[in-house]
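The block underneath contains the structure these notes are about, expressed in structure tokens.
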Amino acid sequence: MEAPAAQGPAEPSGHSSGPSADVEITVTSPEQMRELGRRLAKLLRAGDLVMLSGELGAGKTTLTRGLGEGLGVRGAVTSPTFVIARVHPSLGDGPPLVHVDAYRLSGGLDEMEDLDLDVSLPDSVIVVEWGEGKVEELTEDRLRVRIDRAVGDTTDEVRHVTVTGLGERWATADVSVLAG
Ligand SMILES: Nc1ncnc2c1ncn2[C@@H]1O[C@H](COP(=O)(O)OP(=O)(O)O)[C@@H](O)[C@H]1O
Ligand SMILES: [Mg+2]
């Protein structure tokens with residue numbers, strides 16, 4: 001049994017100015033997932049890393065599609081199953097979107113650098129599906145997005161999305177706007 005925490009809560013009650021808390025969003029259709037991606041795009045800038053987790057069919061690529069729309073990049077975002085990464089250049093003067101499917105990336109970041117993406121990662125928005133344990137060394141600052149289906153459900157379109165900002169970049173960013 002652990003001893004109870006001494007001296008009350010670590011943070012003052014009410015609003016914390018520390019790392020942003022998890023934001024939970026319930027999405028009830030693929031279109032809403034896309035819309036969430038479009039909203040997410042407004043929070044992103046060059047150098048940002050977004051890590052998407054969730055089982056096959058959770059909606060990671062669907063979310064990324066909306067993100068690409070929100071960023072205004074060229075080319076349809078599709079499931080990059082047969083390529084590890086795809087670069088979508090901006091149609092305007094924004095950052096390109098680098099969409100990575102790390103599922104078959106075994107060697108972590110080294111392998112990714114070997115891909116010769118012809119784009120500077122620090123100048124891009126990078127979205128990685130299945131990247132856990134593989135791409136964290138890119139930056140300490142990352143936005144983690146976990147997508148869960150309702151338990152035991154295979155037909156429903158309800159998804160629970162949990163967004164967590166990590167590192168200094170996200171300590172002050174207001175991720176809660178995503179829930180609105
Ligand atoms: N709420 C939802 N959000 C996202 N996708 C959904 C949702 N409900 C049903 N779907 C369907 O689930 C599938 C998700 O596929 P995809 O985005 O490729 O998932 P992943 O990249 O996580 O494997 C799509 O066929 C989509 O139409
Ligand atoms: Mg996918």
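The values are calculated or read from the model by the stated rules, or taken from the named source; none is laboratory data. The model shown is predicted, which means the values in this text are computed figures rather than measured ones. Using ideal geometry, Cβ is built from the backbone for each residue, glycine included, and neighbour counts are taken over all protein chains shown.
In summary, VAL83 fulfils each of the numbered conditions (1) within 22 Å of GLY94 (Cα to Cα); (2) assigned to a loop (DSSP other than H, G, I, E, B); (3) more than 10 Å from ligand 2 (Cβ to nearest atom); (4) among the aliphatic types (A, V, I, L, M) with the single exception of condition (1). Being in contact with a Ser or Thr (Cβ under 9 Å, 6 or more places away or on another chain) and of a type outside the set (A, V, I, L, M) is the filter here, so list the residues in region 125-141 that pass it. Passing the criteria: GLU129, TRP130, GLY131, GLU132, LYS134. Taking region 141-180 as the range and being part of a loop (DSSP other than H, G, I, E, B), within 14 Å of ligand 1 (Cβ to nearest atom) and touching a helix residue (DSSP H, G or I) at 6+ places or on another chain (Cβ under 9 Å) as the test, only GLU157 passes.
Can you go through GLY66, GLY59 and tell me which one is in contact (Cβ under 8 Å) with a residue 40 or more places away in the chain, small (Gly, Ala, Ser), surrounded by 20 or more Cβ atoms within 10 Å (Cβ to Cβ) and closer than 16 Å to ILE25 by Cα? One residue alone meets the criteria, GLY59. From the set of residues in region 45-74 that are closer than 18 Å to LEU121 by Cβ and assigned to a loop (DSSP other than H, G, I, E, B), which is nearest to ligand 1 (Cβ to nearest atom)? Among them, the one singled out is ASP48. Is region 16-25 home to any residue that is of a type in the set (D, E, K, R), modelled with pLDDT of 90 or more and in a strand (DSSP E or B)? Yes: region 16-25 contains one or more residues that are of a type in the set (D, E, K, R), modelled with pLDDT of 90 or more and in a strand (DSSP E or B). Taking the numbered list (1) within 13 Å of ligand 1 (Cβ to nearest atom); (2) modelled with pLDDT of 80 or more; (3) more than 15 Å from the chain's Cα centre (by Cα) in turn, THR81 passes all entries but (2).
For THR155, are the conditions met, namely being more than 16 Å from ligand 2 (Cβ to nearest atom) and crowded, with 16+ Cβ neighbours inside 10 Å? Judged against the criteria, THR155 is not a match.
Conditions tested, residue by residue: (1) at pLDDT below 85; (2) surrounded by fewer than 16 Cβ atoms within 10 Å (Cβ to Cβ); (3) not hydrophobic (A, V, I, L, M, F, W, C).
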residue: ARG45; (1), (2), (3): no, yes, yes
residue: ASP48; (1), (2), (3): no, no, yes
residue: VAL73; (1), (2), (3): no, no, no
residue: GLY94; (1), (2), (3): no, no, yes
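Residues considered: VAL98, VAL83. Of these, the only one that is surrounded by fewer than 16 Cβ atoms within 10 Å (Cβ to Cβ) and within 19 Å of VAL135 (Cα to Cα) is VAL83.
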